[in-house]
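Down below is the structure, laid out as structure tokens.
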Amino acid sequence: MALPVLIIGRSGSGKTYSLKNFKPDEIGVISVEKGRLPFKSDIKTVRVPSFIGEEGMTTYAQINAAKYAWIAQVISKSKARSIAIDDSQYLLVNELFDRASEKGYDKFTEIAANFRNLIHGINEMNDDDKIVYFLHHSEADGEREKVKTIGKMLDEKLTVEGCFDIVIYCQDHKFYTQANNQSTAKSPEDMFELEMPNDLKAVDKAIREYYGMK
């Protein structure tokens with residue numbers, strides 16, 4: 001099975017910049033909102049299509065379901081062993097705005113289920129050497145930082161961090177790999193230093209060595 005990894009932090013904290021040390025053939029980047037990387041690189045970035053106006057796409061529910069299906073297919077078919085989804089919180093936010101005029105609570109259930117199913121689908125992919133990084137904004141939860149969501153269903157019923165074995169908190173261009181009462185970060189014993197530079201290539205190398213991945 002593939003391995004999803006969550007990287008959380010405020011905008012500008014250095015999440016996307018952490019991709020800099022990858023070679024172009026080592027990682028693929030799926031961009032949800034932005035189209036460019038914050039550094040010069042030959043790393044290939046693909047934007048999630050809008051699907052608006054395409055045949056059969058008559059509702060925003062259908063459009064967003066198509067976006068998730070497209071992302072899953074790109075991850076599955078990618079030759080790169082590492083994939084980054086940047087910024088993954090916009091999968092939630094953009095669908096919420098798309099469906100703002102819809103009445104009732106069903107839309108929130110569908111938005112949460114779409115995101116949860118993407119994570120679970122990665123866990124179930126038949127590729128033991130593929131790692132998928134969710135680069136995701138964080139928000140304050142009392143005195144600590146947690147993954148940013150759009151409501152109670154993901155926060156209270158699911159707990160997004162619980163779907164990941166590894167959650168890394170990024171602040172001021174540094175990675176923190178354990179909570180230490182400042183975030184919801186977590187990682188297996190002795191996989192990382194508690195504090196390290198925001199270098200996702202180094203994180204990737206440590207994960208692969210720890211689990212014996214290619």
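The values are calculated or read from the model by the stated rules, or taken from the named source; none is laboratory data. Quick caveat, the model's predicted, so the values are computed rather than measured. With ideal geometry, Cβ positions are generated from the backbone for all residues, glycine too; neighbour counts draw on all protein chains shown. Just so you know, the surface numbers come from the protein's heavy atoms only, side chains and all, with ligands and any DNA or RNA stripped out. Shrake-Rupley method; radii C 1.70, N 1.55, O 1.52, S 1.80 Å.
With a cut-off of at most 10 other beta carbons within 10 Å, and DSSP calling the residue loop, which GluC sites (Glu not before Pro) in region 150-212 qualify? Please list them.
When the GluC sites (Glu not before Pro) of region 150-212 are filtered for loop state and at most 10 Cβ neighbours within 10 Å, 189 remain.
Taking a cut-off of 23 Å between Cα atoms, list the lysines near residue 44, but don't count ones fewer than 8 places away on the same chain.
Those lysines meeting the cut-off are 15, 20, 23, 34, 67, 77, 79, 130, 201, 205, 214.
Just tell me which lysines come within less than 20 Å, Cα to Cα, of residue 103; anything on the same chain fewer than 8 places away is out.
Straight-line reach from residue 103, under 20 Å: 152.
Could you tell me which trypsin sites (Lys or Arg not before Pro) in region 68-170 are loop residues by DSSP with no more than 15 other beta carbons within 10 angstrom of their beta carbon?
Loop-located and lightly packed - 79, 103.
What part of the accessible area of the chain, given as a whole %, is carbon or sulfur when the probe is 1.4 angstrom?
Solvent-exposed carbon and sulfur of the chain make up 47 percent of the total.
Output wanted: per-residue J couplings in Hz (rounded whole) for region 182-197, from phi through Karplus 6.51 cos²θ - 1.76 cosθ + 1.60, θ = phi - 60°, x for Gly and Pro.
Using θ = phi - 60°, the values come out as 10, 7, 9, 4, 7, 6, x, 4, 6, 6, 10, 5, 5, 9, 8, x Hz.
Please identify every one of the chymotrypsin sites (Phe, Trp or Tyr not before Pro) in region 32-68 that sits in a loop by DSSP and has no more than 14 other beta carbons within 10 Å of its own beta carbon.
39
Can you list the aspartates and glutamates whose alpha carbon is less than 14 Å from that of residue 186, not counting same-chain residues fewer than 8 positions off?
Cα-Cα hits under 14 Å: 145, 161, 165, 195.
Can you tell me the alpha carbon radius of gyration of the chain divided by the globular rule-of-thumb value 2.2 N^0.38 Å?
With N residues counted in the chain, Rg over 2.2 N^0.38 Å equals 0.99.
Under 14 Å from the Cβ of residue 207, count the other residues' Cβ atoms, weight Lys and Arg +1, Asp and Glu -1, and hand me the total.
Computed value for this residue: -3.
For region 60-156, just say rounded, prolate or oblate: build the C-alpha gyration tensor, square-root its eigenvalues into a ≥ b ≥ c, call rounded for a/c under 1.5, and beyond that prolate if a/b exceeds b/c, oblate if not.
oblate
Normalised by the residues of region 37-116, what does the relative contact order come to in percent, with Cα pairs under 8 Å and at least six apart?
27
How many Å² of accessible area per residue for the chain, probe 1.4 Å?
52
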